[in-house]
């Protein structure tokens, strides 16, 4: 069982710490344990309760009415709202994660895709949600199995949307998408693949952990107009510098486009070899 501080709850629920304290005092909604120095500590169950309260509150249910409900009544009311697309999708997705509720998760994502499209769903719903998962992982409130569970569902959904698209003409030189050997975090790269395919751009997708020698062979064989990669996993700065120096030396004028936390962190040391992307607009501008 994980323990959370009140700041963790503020980040995960979207409810200000000051408001949480008021609700505790006035309505006795949550009763955290306290350390010897009177620091509040919250459990998984209290996080679930606050997420449920947050969903109801953001759907115009008065806090006094929420306080009068039993936990079971709050749970049933949240279930009525769970599959509706609303501004509190992040809270609903976190509940799906905690409960390992695949049906709820898929319904929320599909409703959002149907209403605003995959691009907007990814940028306005999934990216903030994944940011919160990062916080939960750091504080120990989810384990690797839960992270894999939710990442796999997102991956399946993006692939399903890619499969609906026509395969672009192979007459033009392709964009080659890959992750380096140490990298397994594929979601951003998959989304880049969807975006390019939707625009009718010819792509070749190699996915996770592509050996360097195979990358070079593929570049020489396919002669792509650009290669696109994403680096998230922590790695030594010198490795990144050496990697892109060698890559640029071997592939000459072929454009290298890269995104991800590690690229952003070390970009000042690799900017002679790499075009950085931080958004979809960056990606399209580089390809254009």
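Structure notes:
Okay, residues lined up against (1) at pLDDT 80 or above; (2) part of a helix (DSSP H, G or I); (3) within 26 Å of residue 260 (Cα to Cα):
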{"residue": "53", "(1), (2), (3)": "yes, yes, no"}
{"residue": "57", "(1), (2), (3)": "yes, yes, no"}
{"residue": "75", "(1), (2), (3)": "no, yes, no"}
{"residue": "86", "(1), (2), (3)": "no, no, no"}
{"residue": "111", "(1), (2), (3)": "yes, yes, no"}
{"residue": "133", "(1), (2), (3)": "no, yes, yes"}
{"residue": "142", "(1), (2), (3)": "no, no, yes"}
{"residue": "147", "(1), (2), (3)": "no, yes, yes"}
{"residue": "150", "(1), (2), (3)": "yes, yes, yes"}
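- Hey, residue 179 touching a helix residue (DSSP H, G or I) at 6+ places or on another chain (Cβ under 7 Å), in contact (Cβ under 8 Å) with a residue 12 or more places away in the chain, buried (at least 20 other Cβ atoms within 10 Å of the Cβ) and outside the structural domain of residue 130 (by TED's automatic domain parsing) or not: yes
- Qualifying residue in segment 154-164 (condition: over 27 Å from residue 106 (Cα atoms), in contact (Cβ under 8 Å) with a residue 12 or more places away in the chain and crowded, with 21+ Cβ neighbours inside 10 Å): no
- Matching entry among 228, 196 (being at pLDDT 95 or above, buried (at least 17 other Cβ atoms within 10 Å of the Cβ) and closer than 16 Å to residue 280 by Cα): 228
- Residue within segment 60-71 that is outside the structural domain of residue 113 (by TED's automatic domain parsing), out of contact with any helix residue (DSSP H, G or I) (no Cβ under 8 Å at 6 or more places or on another chain) and at pLDDT below 85 present: yes
- Checking each residue in segment 13-31 for being touching a residue at least 24 places away in the same chain (Cβ under 8 Å) and either surrounded by 14 or more Cβ atoms within 10 Å (Cβ to Cβ) or touching a helix residue (DSSP H, G or I) at 6+ places or on another chain (Cβ under 6 Å) (or both) picks out 13, 14, 15, 20, 23, 27, 29.
- Of all the residues in segment 11-23, those that are in a helix (DSSP H, G or I), modelled with pLDDT of 80 or more and under 31 Å from the mean Cα position of the chain (by Cα) number 6.
- Figure legend. Inter-residue proximity from segment 244-269: first residues buried (at least 20 other Cβ atoms within 10 Å of the Cβ), second residues assigned to a helix (DSSP H, G or I), beta-carbon distance below 6 Å, spacing 6+ or different chains. Indicated pairs: 244/270; 257/286; 266/237; 266/240.
- Checking every residue in segment 231-240 against the condition of being touching a strand residue (DSSP E or B) at 6+ places or on another chain (Cβ under 7 Å) and surrounded by 13 or more Cβ atoms within 10 Å (Cβ to Cβ) gives at least one match.
The values are calculated or read from the model by the stated rules, or taken from the named source; none is laboratory data. Everything quoted here is computed from the prediction, not taken from an experiment. We place every Cβ from the backbone using ideal geometry, glycine too, and count neighbours over all the protein chains shown.
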